[in-house]
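The values are calculated or read from the model by the stated rules, or taken from the named source; none is laboratory data. Everything quoted here is computed from the prediction, not taken from an experiment. Ideal geometry is used to build each Cβ from the backbone, glycine not excepted, and the neighbour counts take in all protein chains shown. Ligands, DNA and RNA are excluded from the accessible area calculation, which covers all protein heavy atoms including side chains. Shrake-Rupley method; radii C 1.70, N 1.55, O 1.52, S 1.80 Å.
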Amino acid sequence: MIPAAFEYYAPRSITDAVSFLAAHKDDVKILSGGQSLLPLMKMRLSKPEYIVDIGRIPDLDNIAAEVNHIVIGGMATHAQMEASDLLKKSCPLLPQTATTIADVQVRNRGTLGGSIAHADPAGDMPAAILALDAEIKAVGPNGERWIKAEDFFLGLLMSVLEPDEIVTAVKVPVTAGDKTAYLKAAPRSSGFAVVGVAVRLGLDASGDVSHAAIGITGVTDKAYRAERVEKMLMGKKLDDALIDSAAAEATRNIDVIEDINGSVEYRTQLTHVYVARALKAAIQS
Ligand SMILES: Cc1cc2nc3c(=O)[nH]c(=O)nc-3n(C[C@H](O)[C@H](O)[C@H](O)COP(=O)(O)OP(=O)(O)OC[C@H]3O[C@@H](n4cnc5c(N)ncnc54)[C@H](O)[C@@H]3O)c2cc1C
């Protein structure tokens, strides 16, 4: 399958990329790894007149430590995050999540910025960055802004990004002392989550939960935080009974979707099971 014809531009700086986007914003797409955009273009579901390839802008794939944070460039690939010793030590939830994405070929090309900007309701990274309380740096014609992960996703393939804004970086906290896990149920044919659960737990000296953050993907039209579950865990010791009763709340007031991978009832039950499993996996991490 061959995409419709387009004009290709490969700027060497963010400034040039943003100027080009602003000039053509009604009919332009950013190209990062191309793992979501190119299939859409080949199926003619997307027919942009212009493509801005940001892959030649220097240093956009850096993964760097700052005080209490790690900043990951928008062009950092899933494979880079999977292999990063810095992330494994200081923010293991990202490598734990990256390693579950598709196959080696997709992970070698697909990027963090692309995964977030695409806002796929079954994408894995949105769940992880929600559980990490990450912040997303978007650069556009009016300068840069930092967007909280919880404010970023609006719905199916929709985010608060403007068409002339580029995700240049994602800032995540150092979570070295936390317990984290990412688990998903996914059909072998696509690897996309029917349910994906990212867990980040803090335990105090007596083993009580001091903070809990749970991001869920695949279940509704956008990734979300399981706030009811988090509240039920706070200040308590985790045992099987508490985990089970809290996990049952993960889809309360959520508009669970139905598709070829499962009915509402199936997904609801699967979410219950996977939240419980992810909590147990996090405790053992
Ligand atoms: C066979 C296959 C299996 C897959 N399985 C999974 C899976 O299991 N889990 C999963 O999460 N994903 C999966 N993916 C998707 C993969 O993770 C993609 O890499 C990701 O969704 C998009 O990242 P990308 O860099 O390829 O973005 P692109 O495809 O280049 O872009 C995607 C969209 O985001 C926009 N965009 C890209 N970068 C930016 C940016 N920096 N700023 C603003 N807008 C931007 C583009 O204009 C486009 O609209 C799969 C893909 C394939 C082909």
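For the reader, a short list of remarks on this structure follows.
- Region 89-134 shape via C-alpha gyration tensor axes, a/c threshold 1.5: oblate
- q = 0.15 Å⁻¹, region 111-258: log10 I(q)/I(0) [Debye, one scatterer per Cα]: -0.78
- Per residue, the average separation of C-alpha pairs within less than 8 Å and at least 6 apart gives region 203-247 a relative contact order of 37 percent.
- Karplus-derived 3J(HN,Hα), 6.51/-1.76/1.60, for each residue of region 68-85, Hz, glycine and proline x: 6, 9, 10, 10, 10, x, x, 8, 5, 7, 4, 5, 4, 5, 4, 9, 6, 5
- Computed from phi, the 3J(HN,Hα) profile of region 44-55 under the Karplus parametrisation 6.51, -1.76, 1.60 (θ = phi - 60°) reads 6, 7, 9, 10, x, 7, 10, 10, 10, 8, 8, x Hz, with x in place of Gly and Pro.
- The relative contact order of the chain, computed from alpha carbon pairs under 8 Å that lie at least 6 residues apart in sequence, is 16 percent.
- Computed over the chain with a Gaussian network model linking Cα atoms closer than 10 Å, the most mobile of Arg267, Arg107, Arg44 is Arg44.
- 19 Å Cα-Cα threshold exceeded, pairs from Lys47/Lys222; Lys236/Lys280; Lys88/Lys179; Lys148/Lys236; Lys137/Lys179: Lys47/Lys222; Lys148/Lys236; Lys137/Lys179
- Kirkwood hydrodynamic radius over Cα pairs of the chain, then Stokes diffusion coefficient at 25 °C and 0.890 mPa s, in µm²/s: 127 µm²/s
- In Å², nearest 10: area of Glu265 left accessible to a 1.4 Å probe: 130 Å²
- Student exercise, the chain dipole from Lys, Arg, Asp, Glu Cβ charges, in Debye to nearest 20: 520 debye
- For region 237-274 versus region 128-177, the gap between their alpha-carbon centres in whole angstrom: 26 Å
- Radius of gyration, Dmax [region 147-233; alpha carbons; angstrom]: 15.3, 49
- Projecting the Cα atoms of Leu132, Ala241, Ser159 onto the dipole axis of the chain, where Lys and Arg carry +1 and Asp and Glu carry -1 at the beta carbon, places Ala241 farthest toward the positive end.
- Nonlocal amide H pairs with Gly262, under 5 Å, H built at 1.01 Å: none
- Karplus (6.51, -1.76, 1.60) ³J(HN,Hα), θ = phi - 60°, over region 99-109, in Hz, Gly and Pro reported as x: 5, 8, 7, 6, 10, 4, 4, 5, 5, 6, 10
- Amide H to amide H, with H built 1.01 Å from N, His69 comes under 5 Å of Val174, counting only residues 5 or more places away or on other chains.
- Over region 1-124 - Rg/Rh using Cα atoms and the Kirkwood inverse-distance radius: 1.00
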